[in-house]
Amino acid sequence: GAVVSQHPSRVICKSGTSVKIECRSLDFQATTMFWYRQFPKQSLMLMATSNEGSKATYEQGVEKDKFLINHASLTLSTLTVTSAHPEDSSFYICSARDLKAGSSTDTQYFGPGTRLTVL
Amino acid sequence: KQEVTQIPAALSVPEGENLVLNCSFTDSAIYNLQWFRQDPGKGLTSLLLIQSSQREQTSGRLNASLDKSSGRSTLYIAASQPGDSATYLCAVRTPGYALNFGKGTSLLVTP
């Protein structure tokens, strides 16, 4: 099946610094990628939808200036957490949409997640 | 706004038992419903995907059903094993292509 990778898998940073997380679709082109956040014992919450070559669409309550998303190519989207604070500590998961030509259905494939800890 | 609820929140069963996990959603206008498995600190593993036009899907010991009109889905796990211990997430895909997730059912299968 299709593979989505994330890098890094785990990052610890000091408060006030910025952290970049990469999401790559390894064997398919993803015109749309999604970024989710999961707090302990909570479900995944959609943060934003990233479309290649255009601005991301953010969910209500998600600060677009704090969570910068770039989707510059069909296989790569990045999430940058700017001026990170301890409350940003969470598990960040991306997914990529694989829409096959001629198909009426499409599937999302999830990355393995990135554990961010802000001290 | 689509709301997805999973019951129970946690479940502990002895090995060998058959069990049912429940998922309900508030808006029946869905494209599909997907069940995932998540191990502690890990990403998601897709188990079964049911398109809105389908009633059920099966994979090995897993069977998922979908009743779109009533907003319900069940995941049936037969002959549970300790390796099945994980959190099971139900997610509904609605227009816009993002997935709406439930909070999950934490399953523990004891030897």
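Since every read-out is calculated from the coordinates, none of them should be taken as a lab result. Keep in mind that what you see is a predicted model, and the values were worked out from it rather than measured. Note: ideal-geometry Cβ built from the backbone for every residue, glycine included; neighbour counts use all protein chains shown.
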Log10 I(q)/I(0) at q = 0.12, 0.19, 0.20 Å⁻¹ for chain B, from Debye over equal alpha-carbon scatterers, is -0.37, -0.91, -1.01
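Once you keep just the Cα pairs under 8 angstrom separated by 6 or more residues, what percentage relative contact order results for chain B? Can you show the working numbers first?
Details: 284 pairs, mean separation 41.1, N = 111.
RCO, chain B: 37 percent.
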Among the listed pairs A:K14/B:K1; A:K14/A:K64; A:K66/B:K68; A:K20/A:K41; A:K64/B:K103, give every one whose C-alpha distance is greater than 30 Å. A:K14/B:K1; A:K66/B:K68
Averaged over the residues of A:60-73, the number of partner chain Cβ atoms within 10 Å of each residue's own Cβ comes to 0
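Tell me, what is the Rg over Rh of the protein assembly as shown, with Rh the Kirkwood radius over Cα pairs? Mind dumping the intermediate values first?
Details: Rg = 17.7 Å, Rh = 18.2 Å.
On the Cα set of the protein assembly as shown, Rg over Rh gives 0.97.
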Picking from B:Y76, B:A64, B:S28, whose Cα lies most toward the positive end of the charge dipole for the range B:14-87 (charges on Cβ: Lys, Arg +1; Asp, Glu -1)? B:S28
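Within the range B:1-101, which trypsin sites (Lys or Arg not before Pro) sit in a loop by DSSP and count at most 12 neighbouring Cβ atoms inside 10 Å? All intermediate terms of the calculation are to be shown ahead of the outcome.
Values: sites: B:K1, B:R37, B:K42, B:R55, B:R61, B:K68, B:R72, B:R93; in loops: B:K1, B:K42, B:R55, B:R61, B:K68.
Qualifying residues, ordered by number: B:K1, B:R55.
Against the 2.2 N^0.38 Å scaling, with N counting residues, where does the range A:1-85 land? I'd like the Cα-based Rg ratio to two decimal places.
Working: Rg = 13.0 Å, N = 85, 2.2 N^0.38 = 11.9 Å.
Relative to the 2.2 N^0.38 Å estimate, the range A:1-85 comes out at 1.09.
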Distance in nm between pseudo-label sites at B:T110 and B:Y76 (7 Å out along the Cβ direction from Cα): 2.6 nm
Extend 7 Å from the Cα of A:H85 along its Cα-to-C-beta direction; within the range A:33-61, residues with backbone N under 17 Å of that point are A:61
Per 10 angstrom bin, beginning at 0 and ending with the bin that holds the maximum distance, the Cα pairs of the range B:23-64 fall in percents of 25, 49, 25, 2
Can you tell me the relative contact order of chain A? Whole percent, Cα pairs under 8 Å, sequence separation 6 or more. 36 percent
